[in-house]
1. Would you list Leu172, Leu79 from fewest to most Cβ contacts within 10 Å?
2. Restricting attention to the alpha-carbon atoms of region 99-174, what are Rg (one decimal) and Dmax (integer), both in Å?
3. For the peptides 202-213, 158-169, what is the packing order when you average, over each peptide's residues, the other Cβ atoms within 10 Å and list the highest mean first?
4. If R₀ is 25 angstrom, what is the calculated FRET efficiency for the pair Phe220 and Trp105, using the beta carbon separation as r and rounding to 0.05?
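Just so it is clear, none of the values below were taken in a lab; they were calculated from the coordinates. Given the structure is predicted, the values throughout are model-derived calculations rather than measurements. Here Cβ is always computed from backbone atoms with ideal geometry, including for glycine, and neighbour counts include all displayed protein chains.
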Amino acid sequence: MPIDLTFGAAIIVGLLGSSHCLGMCSGIVGALNMGVANGLDGKPKSLFAYQLSYNTGRISSYLLVGLLAGWLGSGLAQLGINPLAGKLLAAAFMIALGLYLADWWRGLALLEKLGFKLWRHIQPLGKRLFPIQNLPEAYLLGLLWGWLPCGLVYAVVAWSLTTGDALEGAKLMFGFGLGTLPAMLIAGRVFTYFKDWVKSPLVRTSAGVLIIAFGLYSGFTGLQYKHHHHQTGLSSTVLQQFGEVLTRVPAILRKVS
């Protein structure tokens, strides 16, 4: 019996994407740490508490987005979209994510470009919180940080959308957030010691290949599961729905950008 991608797989995707997280967000973490009032740089334990608060806020935003994505997915399911089409779409996004991490194809950068339009309205809110005076303020700033445009995040949001359930979507995004947590906690000043490792083509390529494997496995098991329950094979209707979704995505992105 095929094993579906689950909460544990979402954590693994977050871990595999850590090289991208370190490269993109380490500077942000450093800026957040420098924005803490009362000279906490000399107090590692206190600074760690602030870092944890930032990341708790960030993961909370991921959880909320996953909840909304799963809820939206459930609405699409009620409109008659075949679940298998959703599984294949999720697999396609996972493959796109792997290609993105390996720097073989930058298609997800289009989604980041769209996200920056929203980020321009959110970013000024964060400036009002500086300097950070306490842990609740650090948490609020982390909530805003969670909306930073990121192709890695968007791919997992698309995965959450295909769950067709609000709680399942939230669980996937929460698992992904937990997977990125170790990298984010060592970011900032510690990143200096890891910058060569993060920029290594071998590291990025390895992470990309593994995530592509996740996507291929997800698509294969979805097709296998369908074939197991319907010996006549995969219906042309499902393939047609999936093809229509994929062909419309570039046009929609061009229209919105």
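1. Exposure proxy ranking, most exposed first: Leu79, Leu172.
2. Both quantities, over Cα of region 99-174: 15.0, 43 Å.
3. For the peptides 202-213, 158-169, the packing ranking is 158-169, 202-213.
4. Given R0 = 25 Å and the Cβ-Cβ separation, E is 0.75.
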